[in-house]
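**Student:** Right, I'll just put the structure down here and ask away after.
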Amino acid sequence: MTNHEIKIAFDEYDSLKELNTADYDLCLEAANALKKSHSPYSKFRVGAALRLQSGKIIYGSNQENVAYPSGLCAERVALFYWGANHPDDPVEAMAITAQTDEFMLTKPVTSCGSCLQVLAEVEKKQSKAIRVILYAPQGPVWVIEGIENQLPFLFFEERLTT
Ligand code: THU
């Protein structure tokens, strides 16, 4: 038997003000994106903003449906929009935030596994790691570099790609 250990790492900041200007601005864009959340069922609003290499910003927010599984998370709305519209403009960073009127969020909301798998595909497609910045209305800001620091056991099968 061999025991393996995998380490993941991220940076924690006390507030948005400690970020560099580009990342700070992207966080504000994620809060803007969240205003277009369609979440009448969960009442949990999530916003995502992607900053592309060209400087362009792409927005996503969670979009729910009365047939619950038909909805989609904010991250995948933004990442699939990128793939459909700007696939040649690499994603540098993605900021994500969430709000709800039901309770106070005091720590960042981390992405679901499906969104992380999609994020992994984008990194693979563009051959470049993406910085993810997570924050909530209260509490710290988390900055995570690259998918290997969020989903080390992502699904990857080389033989399925050409
Ligand atoms: N949600 C996201 O938008 N991103 C995630 O990574 C997890 C959850 C959304 C889906 C649903 O509309 C609401 O949050 C509650 O689960």
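**Student:** Restricting to segment 130-161, what's the tally of residues that are more than 14 Å from the ligand (Cβ to nearest atom), open to solvent by less than 80 Å² (accessible area, probe 1.4 Å) and more than 21 Å from Asp23 (Cα to Cα)?
**Tutor:** Of the residues in that region, 4 qualify.
**Student:** Quickly run through segment 2-21 and pick out the residues that are closer than 15 Å to Ile133 by Cα and surrounded by 11 or more Cβ atoms within 10 Å (Cβ to Cβ). Let's see the steps before the verdict.
**Tutor:** If we filter segment 2-21 for residues that are closer than 15 Å to Ile133 by Cα, which is where we start, we get 9-21.
Residues satisfying the conditions are Phe10, Asp11, Glu12, Tyr13, Ser15, Leu16, Glu18, Leu19.
**Student:** Mind listing whichever residues of segment 76-108 are part of a helix (DSSP H, G or I) and surrounded by fewer than 19 Cβ atoms within 10 Å (Cβ to Cβ)?
**Tutor:** Filtering segment 76-108 down to residues part of a helix (DSSP H, G or I) leaves 76-85.
Phe80, Tyr81, Gly83, Ala84, Asn85, listed by residue number.
**Student:** Checking Leu52 against (1) open to solvent by 60 Å² or more (accessible area, probe 1.4 Å); (2) in contact with a strand residue (DSSP E or B) (Cβ under 9 Å, 6 or more places away or on another chain), which single condition isn't satisfied?
**Tutor:** Just one mismatch for Leu52, condition (1).
**Student:** Given the residues Ala31, Ala74, which is the only one that is in contact with a Cys (Cβ under 9 Å, 6 or more places away or on another chain), within 16 Å of the ligand (Cβ to nearest atom) and aliphatic (A, V, I, L, M)? First the steps, then the outcome.
**Tutor:** On the way: Ala31 fails: in contact with a Cys (Cβ under 9 Å, 6 or more places away or on another chain).
That would be Ala74, the only listed residue that is in contact with a Cys (Cβ under 9 Å, 6 or more places away or on another chain), within 16 Å of the ligand (Cβ to nearest atom) and aliphatic (A, V, I, L, M).
**Student:** From the list Ser127, Ser70, Ser111, Ser39, which residue is hydroxyl-bearing (Ser, Thr, Tyr), surrounded by 17 or more Cβ atoms within 10 Å (Cβ to Cβ) and over 13 Å from the mean Cα position of the chain (by Cα)? Even if it seems obvious, please write down each step before you answer.
**Tutor:** On the way: Ser127 fails: surrounded by 17 or more Cβ atoms within 10 Å (Cβ to Cβ); Ser70 fails: surrounded by 17 or more Cβ atoms within 10 Å (Cβ to Cβ); Ser111 fails: over 13 Å from the mean Cα position of the chain (by Cα).
Exactly one of Ser127, Ser70, Ser111, Ser39 is hydroxyl-bearing (Ser, Thr, Tyr), surrounded by 17 or more Cβ atoms within 10 Å (Cβ to Cβ) and over 13 Å from the mean Cα position of the chain (by Cα), namely Ser39.
**Student:** How do the pairs read when you match residues in segment 29-56 that are of a type in the set (Asp, Glu) with residues anywhere that are part of a loop (DSSP other than H, G, I, E, B) and open to solvent by 60 Å² or more (accessible area, probe 1.4 Å), using Cβ under 9 Å and keeping only pairs 6 or more apart or on different chains?
**Tutor:** Cβ pairs passing all conditions: none.
The values are calculated or read from the model by the stated rules, or taken from the named source; none is laboratory data. Please read these numbers as outputs of a predicted model, since none were measured by experiment. Note: ideal-geometry Cβ built from the backbone for every residue, glycine included; neighbour counts use all protein chains shown. With ligands, DNA and RNA removed, areas are computed over all heavy atoms of the protein, side chains included. Shrake-Rupley method; radii C 1.70, N 1.55, O 1.52, S 1.80 Å.
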